[in-house]
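Comments concern the structure below.
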Amino acid sequence: MSGTNIKVVCRFRPQNKLEIKEGGKPIIDINDEGTAVRLGGSDNKANYAFDKVFGMNTKQEDIFNYSVKSIVDDVVAGYNGTVFAYGQTGSGKTFTMMGSSIDDTENKGIIPRIVEQIFANIMESPANMEFTVKVSYMEIYMEKVKDLLNPQHDNLPIHEDKAKGVYVKGVLEVYVSSTEEVYEVMRRGGNNRVVAYTNMNAESSRSHSMVMITITQKNLDTGAAKSGKLYLVDLAGSEKVGKTGASGQTLEEAKKINKSLSALGMVINSLTDGKSSHIPYRDSKLTRILQESLGGNSRTTLIINCSPSSYNEAETISTLKFGVRAKTIKNKAKVNADLSPAELKALLKKVKSDTVSYQQYITALEGEISIWRSGGKVPEMKWAALDKKNNTVSNAPKQSPAVARAIAESVPVVDSRPSTPIPVLDKDEREELVKRENELIEQIKEKETELSSREKQVQEIQEELNQLKEAEKIQSNDNQQMTAELSEVKVELEKVSYDSKESAITVDSLKEANEELTAELQELRKTLAQVRESVEKEQQEEQKASELLRNASGEINEKQKQISDTLNNLGDVNSEEYTMTPKELAVLKQELSESKALVEKHQETIRILNQDNDGLSNKRTDLEKRIATLEIEYEELLEKSIADEEHDANVQDTISELKTKIEAQYATKKEMQEREIEELKRDIEQRNEEEQQLNIAIKELQETHDQLQAAAAALTKSKPKPAANGGSTMTYEEKEKDLENMRKSMVQQLADFEIMKKALMRDLQNRCEKVVELEISLDETREQYNNVLRATNNKAQQKKMSFLERNLEQLTNVQKQLVEQNSQLKKEAALADRKLVARNERIQNLETLLQEAKQRLLSQNEKFETQLHTVRERLEQARSAKSQGGMASLNFGRIAKPLRGRGAVEDIKTLDVDEKVAMAARDKRSSWIPSFR
Ligand SMILES: Nc1ncnc2c1ncn2[C@@H]1O[C@H](COP(=O)(O)OP(=O)(O)OP(=O)(O)O)[C@@H](O)[C@H]1O
């Protein structure tokens with residue numbers, strides 16, 4: 001097989017972090033010429049030879065200058081070219097092809113540099129050369145060809161025809177006129193690429209990406225045209241799933257990547273083993289697209305990217321072997337030229353003259369045949385001949401390959417018959433024709449299958465569309481329903497929140513009422529506690545008083561005892577030897593009389609106390625009677641108030657009078673009761689005073705007793721002397737008798753006193769108790785009275801005023817009710833206020849909802865309008881695209897942008913006027929796509 005080998009260069013990148021971390025070391029050993037590499041770590045130390053081997057620190061510029069620059073010249077000259085990068089994942093393919101960034105002057109990759117070079121070459125070309133540059137950007141992801149400039153086209157078909165070769169049908173080709181425009185296209189397409197994180201590369205390409213640049217040139221003088229296609233392919237990296245840690249989607253991607261790369265390997269093997277008659281280009285989309293680049297019409301450069309590290313030695317060896325094998329592939333590149341009009345004219349002229357001679361020949365032959373058929377004979381000399389001098393097929397008209405084959409294979413029937421001009425094809429041409437025929441048959445078959453699959457697809461899409469429409473309808477119905485439900489729910493929610501606000505207001509009012517009641521209860525409790533306290537205090541005071549009395553009685557007992565002791569002593573003194581002096585007797589008598597007087601005084605006090613007691617008990621009975629009467633009156637009033645509630649009379653004018661009267665009555669009663677209480681208090685005080693007096697008397701008695709004791713003691717000490725005058729005034733027996741009587745009377749008196757005291761004590765205690773009871777009942781009566789007053793608004797209790805009283809009572813009730821109603825109304829007004837506020841809020845919320853709904857409707861309308869507009873625009877675009885040969889969306893790329901060489905400027909200066917006019921006329925045709933002009 002003749003042709004040129006594809007160029008293979010090998011590039012090693014520096015060791016990456018992972019390799020260093022895993023303890024990998026650079027193991028590459030490049031020869032001095034830079035054409036072969038050995039791996040230091042491998043056992044066999046094989047030598048891998050390439051067109052060029054680049055070490056770890058090679059600059060991007062060097063790679064470009066050596067590997068690809070010449071290809072750009074070829075493509076601009078009308079050849080097809082391919083540059084593709086192969087290597088394990090993370091080996092630097094994307095870095096080599098695209099670089100770290102388009103805008104990084106130092107590190108930009110091959111593709112930006114190629115673009116710059118293309119435009120530089122165009123600018124350097126002669127002025128009569130007109131160029132157009134088109135760019136496509138696609139990727140093969142998961143065995144589907146996706147247009148990166150029109151990403152919704154993600155499964156484009158691959159076609160083949162004689163004129164175009166293998167091509168991707170429907171891919172968007174964008175016309176560009178500057179490097180910047182190409183970069184813009186690159187950026188746009190790059191954004192649609194699929195990349196993912198793997199352990200080996202943070203931004204691993206998960207697809208094979210392809211940039212296709214088509215450069216068409218036309219000689220404006222001759223009309224001759226050429227076109228070259230340049231494929232720039234960044235293959236996805238081969239990967240060991242164990243190393244990359246691929247899983248899930250990344251694993252699926254890895255499987256597809258590895259499958260298509262092994263198909264590439266198989267194609268290369270078949271192309272290079274020298275045995276295979278069939279090349280499995282159709283096994284993958286990648287090999288199908290690269291069909292012309294591998295063993296076909298293309299100048300191809302393969303860049304194999306490798307890791308220098310021992311960590312990836314196995315992968316590097318595999319890559320190097322791939323490169324070595326690929327190096328033996330031979331391509332047959334040719335210029336893709338169209339004939340110029342002059343050439344075409346010459347050809348036409350020749351064909352026309354040929355046709356005339358053939359026509360003459362046919363007429364001659366027909367004449368000869370008619371002679372033969374009529375049984376005549378034509379002498380051999382007169383046989384029709386195409387060219388007597390040169391009767392060869394070279395002068396025969398060109399046949400279609402099939403006809404030509406048939407002619408070539410046909411055999412003359414009769415020797416005597418003149419031989420029909422049979423075109424004789426040489427072996428190469430025949431093979432070519434057969435090959436072409438097979439291709440065409442294959443294409444037809446392919447087309448038919450494609451057509452039927454397309455029809456099927458169209459049907460499916462139609463069905464799907466119908467289903468989608470149906471689903472959309474249902475969904476929009478659902479949506480509407482849901483929106484309606486939502487708005488209902490919102491309104492309901494509003495209602496609920498409003499109700500809850502109202503309930504909150506009611507709860508608040510109840511709370512207020514509760515608080516009021518609690519405060520009242522608290523006050524009542526306080527009052528009760530005060531009452532209890534005062535009762536307790538009084539009880540304590542009573543206890544104290546009774547204690548005092550008890551003490552006093554104890555003391556009196558003591559005194560009595562002492563007196564009796566004294567008397568006993570005195571009795572003891574009644575011996576014959578004791579005689580009392582008259583002075584002593586006088587003192588004793590005096591003391592006794594004092595004691596007597598005291599006792600009498602006490603008796604008097606007791607009597608007074610008894611009287612008081614009687615008075616108090618009378619008072620108590622009175623009070624009890626009054627309480628009973630009050631109770632009866634209260635009950636009567638209650639009955640009356642219940643009975644009188646049914647009647648009503650117009651006694652408005654008397655209300656105030658009655659009220660004053662009732663109040664006056666109440667005040668009088670109150671005064672009376674207070675007076676009684678005052679009296680009772682005074683009584684108690686008086687009694688206390690009496691008690692004190694009693695105490696004082698007891699004390700005095702005590703003192704007297706002491707004195708008596710002292711006197712008795714003095715008597716026992718001194719010996720009694722018989723009277724000098726021999727019983728002058730009173731005999732001893734008489735005295736004794738007197739004393740005895742005195743003693744007896746004193747004992748009697750003391751016993752009486754004791755009884756009296758006890759009775760007095762009992763009486764006092766009873767009285768105290770009664771006073772307490774009275775006070776309690778008085779309080780109760782007062783309370784009841786107050787209650788009655790409150791309940792009946794103090795209606796007069798007097799029977800005389802019954803009519804007025806009833807009316808008054810009713811009026812008071814009415815007034816009370818009015819007051820109550822007033823306060824109730826006030827409360828209700830406050831509640832109503834709050835409810836009003838809540839209702840206002842609700843109205844506001846509803847208004848906001850309404851507003852929102854309106855806005856939503858408006859925005860939906862706007863959206864709908866915009867959608868309609870967009871749809872219309874798209875329809876327009878689609879129509880115009882259809883009419884313009886399927887040009888797609890990128891605006892700046894729709895129209896061809898012819899470029900001219902720079903030489904034109906200088907050349908124009910030197911042209912004469914006629915030539916300039918002619919050129920201007922020619923320049924008017926800035927595009928040769930008629931539909932765009
Ligand atoms: N020659 C180099 N000099 C410096 N850094 C490089 C070089 N080659 C590659 N790299 C860096 O190594 C990393 C991986 O490179 P790149 O993405 O180009 O690998 P890849 O072969 O395209 O991987 P994949 O097949 O997974 O897409 C990047 O961060 C890149 O910048």
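A compact table of results
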quantity	calculated
Inter-label distance for Val458 and Asn155, nm, one decimal - labels placed 7 Å from Cα along Cα-to-Cβ	1.8 nm
Highest average packing first - 372-385, 830-843, 505-518, Cβ atoms within 10 Å	830-843, 505-518, 372-385
In Hz, Karplus ³J(HN,Hα) per residue of the stretch 226-238 (6.51, -1.76, 1.60; θ = phi - 60°; x = Gly, Pro)	9, 9, x, 10, 10, 9, 10, 10, 10, 6, 6, x, 5
Contour minus Cα-Cα distance for Gln480 and Glu828 (0.36 nm per residue)	120.9 nm
Karplus-derived HN-Hα couplings along the stretch 11-17 (A = 6.51, B = -1.76, C = 1.60, θ = phi - 60°), whole Hz, x at Gly and Pro	10, 9, 8, x, 5, 9, 4
Peptides ranked, highest mean first, by Cβ atoms within 10 Å: ranges 153-160, 527-534	153-160, 527-534
Largest to smallest principal axis extent of the C-alpha atoms in the stretch 328-367, angstrom	60, 28, 7
Within the accessible area of the stretch 96-190 (1.4 Å probe), percent carbon and sulfur	46 percent
Coarse-grained scattering of the stretch 475-546 at q = 0.14, 0.19, 0.25 Å⁻¹, given as base-10 log I(q)/I(0) from a Debye sum over alpha-carbon atoms	-0.71, -0.86, -1.01
Spread of Cα-to-Cα distances over 5 Å intervals beginning at zero, given as percent, for the stretch 256-318	4, 16, 21, 23, 17, 11, 6, 1
Derived scalar couplings ³J(HN,Hα) [the stretch 445-451; Karplus, 6.51 cos²θ - 1.76 cosθ + 1.60; whole Hz; x for Gly, Pro]	4, 4, 4, 4, 4, 4, 4
Sequence of Arg767, Arg626, Arg436 when ordered by accessible area, the most exposed leading, probe 1.4 angstrom	Arg626, Arg436, Arg767
Formal net charge of residues neighbouring Ala519 (Cβ-Cβ distance under 12 Å; K, R +1; D, E -1)	-3
Per residue accessible area of the stretch 36-160, 1.4 Å probe, in Å²	35 Å²
5 angstrom amide H check on Gly99, placed H, neighbours 5+ away	Gly109, Ile110
Out-of-range pairs (alpha-carbon distance over 19 Å; input Lys93/Lys330; Lys162/Lys334; Lys625/Lys757; Lys162/Lys447; Lys21/Lys93)	Lys93/Lys330; Lys625/Lys757; Lys21/Lys93
Sum of side-chain charges, Tyr79 neighbourhood, beta-carbon under 10 Å (Lys, Arg +1; Asp, Glu -1)	+2
Potential lengthening between Glu116 and Glu520 on full extension [0.36 nm per residue; Cα-Cα distance subtracted]	135.6 nm
Contact order relative to length of the stretch 287-370, as percent, for alpha carbon pairs under 8 angstrom and 6 or more apart	30 percent
Exposure rank, largest accessible area first [Leu585, Leu846, Leu524, Leu875; 1.4 Å]	Leu524, Leu875, Leu846, Leu585
Rounded if a/c under 1.5, otherwise prolate or oblate - the stretch 34-74, Cα gyration tensor axes	oblate
Fraction of the pair-distance distribution of the stretch 804-861 above 16 Å, Cα-Cα pairs, percent	67 percent
Carbon plus sulfur fraction of accessible area for the stretch 224-360, probe 1.4 Å, in percent	57 percent
Nonlocal amide H pairs with Lys25, under 5 Å, H built at 1.01 Å	Ser310, Tyr311
Distant-in-sequence amide H partners of Glu160 (H built 1.01 Å from N, under 5 Å)	Tyr167
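The values are calculated or read from the model by the stated rules, or taken from the named source; none is laboratory data. No experiment lies behind these values; they were computed from the predicted model shown. Please note: Cβ atoms are built from the backbone with ideal geometry, for glycine as well, and neighbour counts cover all protein chains shown. All accessible areas refer to the heavy atoms of the entire protein, side chains included, with ligands and DNA or RNA removed. Shrake-Rupley method; radii C 1.70, N 1.55, O 1.52, S 1.80 Å.
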